[in-house]
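Colleague: Input: one structure, supplied below.
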Amino acid sequence: MAFFFYKDIKSEVIAMTKERDVVYLFQTGVFKNYDNALAFGEKFKQKGIYQDDEFYRVFLSITVNNKEKLIDFYEQRDIEFYVKEVVVDETLKKKIENYDLVLEKTVKEDVFYSINQAMIELFLKNVA
């Protein structure tokens with residue numbers, strides 16, 4: 001009897017985790033005031049600001065599959081960040097994954113910034 005109970009719970013847990021579509025947001029600041037978030041964000045070449053509950057989150061990048069590459073990128077530039085998991089709908093996740101394919105292969109910084117900006121705009125358009 002315990003085997004069947006365990007099997008059912010295990011199946012439910014697996015089903016629940018497959019439904020979560022997680023992206024990784026490279027957050028660099030959290031503010032209660034939008035103007036403070038905007039002022040803080042001015043020191044970065046690229047950033048996005050979105051409201052999450054009562055907070056304004058300043059982020060630099062978003063990815064599904066290039067977390068380690070982005071960690072290396074920002075660490076090499078001594079930029080402090082926090083990798084935040086954000087649950088999004090499956091459609092948005094798939095769109096971000098398409099950009100991730102290009103981001104994964106690029107070694108040119110200008111291409112990185114161009115792809116990164118497109119991903120930021122996509123996220124803001126679909127979450128804000």
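Colleague: If you plug each phi of the stretch 50-56 into the Karplus form 6.51 cos²θ - 1.76 cosθ + 1.60 with θ = phi - 60°, what whole-Hz ³J(HN,Hα) values come out, in order, with x for Gly and Pro?
Modeller: Result, rounded to whole Hz: 9, 8, 10, 6, 9, 10, 9.
Colleague: Using the structure shown, select from LYS45/LYS105; LYS32/LYS94; LYS32/LYS105 the pairs with a Cα to Cα distance greater than 29 angstrom.
Modeller: The pairs that break the limit, which is 29 Å between Cα atoms, are LYS32/LYS94; LYS32/LYS105.
Colleague: Please compute the modelled spin-label separation between GLU121 and LEU101, points set 7 Å along Cα→Cβ, answer in nm with one decimal.
Modeller: 2.0
Colleague: Find how much the distance from ASP52 to LYS94 grows on full extension, using 0.36 nm per residue of separation minus their present alpha carbon separation; answer in nm with one decimal.
Modeller: Extending this stretch completely gives an extra 12.9 nm.
Colleague: Under a plain spin-label model, where a point goes 7 Å from the Cα along Cα-to-Cβ, how far apart in nm are ILE71 and VAL22?
Modeller: The modelled label-to-label distance comes out at 1.3 nm.
Colleague: Using a 1.4 Å probe, how large is the accessible area of ARG77, given in Å² and rounded to the nearest 10?
Modeller: Here the accessible area works out near 80 Å².
Colleague: Against the 2.2 N^0.38 Å scaling, with N counting residues, where does the stretch 51-102 land? I'd like the Cα-based Rg ratio to two decimal places.
Modeller: Normalised Rg, Cα atoms only: 1.25.
Colleague: Please list SER114, SER61 from largest to smallest accessible area, probe radius 1.4 Å, with all protein chains kept in place.
Modeller: Largest to smallest exposure gives the sequence SER114, SER61.
Colleague: Ordering LEU124, LEU60 by accessible area with a probe of 1.4 Å, largest first, what comes out?
Modeller: LEU124, LEU60
The values are calculated or read from the model by the stated rules, or taken from the named source; none is laboratory data. No experiment lies behind these values; they were computed from the predicted model shown. Cβ sites come from the backbone with ideal geometry, for glycine too, and all protein chains shown count toward neighbours. What goes into the accessible areas is simple: the full protein's heavy atoms, side chains included, and nothing from ligands, DNA or RNA. Shrake-Rupley method; radii C 1.70, N 1.55, O 1.52, S 1.80 Å.
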